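One structure is given here, and the rest of the page talks about it.
The values are calculated or read from the model by the stated rules, or taken from the named source; none is laboratory data. Quantities reported herein were computed from a predicted structural model and do not represent experimental measurements. Glycine also receives a Cβ, built like all others from the backbone with ideal geometry; neighbour counts cover every protein chain displayed.
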Amino acid sequence: MDKFFQGYMSLQLSTRGSVNLQYDDRKYSLKGIWVWAHFPGPRIKLCPSEPSTTWDHRYIAFSGPLVAQWQGEGLFPFQAPQRMPSSGRDYIGLFDELLYRVKRPAGWGHWRAVNLLERLLLELAQARRENSTQLPWLRKVFEAIAENREFSPDYAAIAHAAGMTLRTLRGRFRQATGVPIHAYVLQSRMAKARLLLGETDHPIKDIAERLGYEDIFFFTKQFKKHTGITPAVYRKSRFG
């Protein structure tokens, strides 16, 4: 493959064999379990490392309004291939379930596929974030955000604890993670909302209050802006 992508993006997964990947002048030799993105912009080349070798490869192509949201939050596309850890087999299962849902869009199948894709992107982003926590100041910031259960952190206090000004914190956080700190907090808040909606039977009003929302209507509006559907529809799509 040697092409410029236009109008859509794709998530690629290689599980066996060796692959050569190139974004313009950036070249990568991938062996084992790797995931990477195809997206508009660079010239992308992809081929087996050796013409006679075989490799296992899966991909999912997508477009639509949610993609802009994922881009704004730094979930996709990521600019370099990402190697899967020893637990990479879990990603393979998740990817295969996603492909299964895409082929069966009837009923709630479409939204289940969207939910699975977003979950996969979130987990990949989480893995990238964990790789970044080798920076002591960044680890402190993540811990401070995680300790704030209502997702309304005092950014000035976090900056002070990390030994820098608020302006410096914002700049360094974005440089280290690829997203603004407030976008990361909102992303974490919505991820927690999806978890509670999908894995508990707590009333939506209680979930909103637990996440620091005083107004359930604002929570619903923000959740829909983030995911494209309301909390009630999301919950129904999860439980069918």
Selection count, the range 188-204, where residues are closer than 19 Å to LEU116 by Cβ and of a type in the set (D, E, K, R)
3
State the number of residues belonging to the range 56-96 that are more than 27 Å from ARG43 (Cβ to Cβ) and either modelled with pLDDT of 85 or more or among the small types (Gly, Ala, Ser) (or both).
5
So, GLY198, is that one part of a loop (DSSP other than H, G, I, E, B) and of a type in the set (Gly, Ala, Ser) or not?
no
If PRO77 meets every condition in (1) within 30 Å of HIS182 (Cβ to Cβ); (2) outside any loop (DSSP other than H, G, I, E, B) apart from one, which number is that one?
(2)
What residue, among those in the range 201-240 that are closer than 24 Å to GLY107 by Cβ, under 22 Å from the mean Cα position of the chain (by Cα) and in a loop (DSSP other than H, G, I, E, B), is modelled with the highest pLDDT?
THR230
Enumerate the pairs (first residue in the range 156-170 and assigned by TED's automatic domain parsing to the domain that holds ARG139; second residue anywhere and part of a loop (DSSP other than H, G, I, E, B) and hydrophobic (A, V, I, L, M, F, W, C)) with beta-carbon separation below 7 Å, excluding pairs fewer than 6 apart on the same chain, so at least 6 apart or on different chains.
LEU169/ALA162
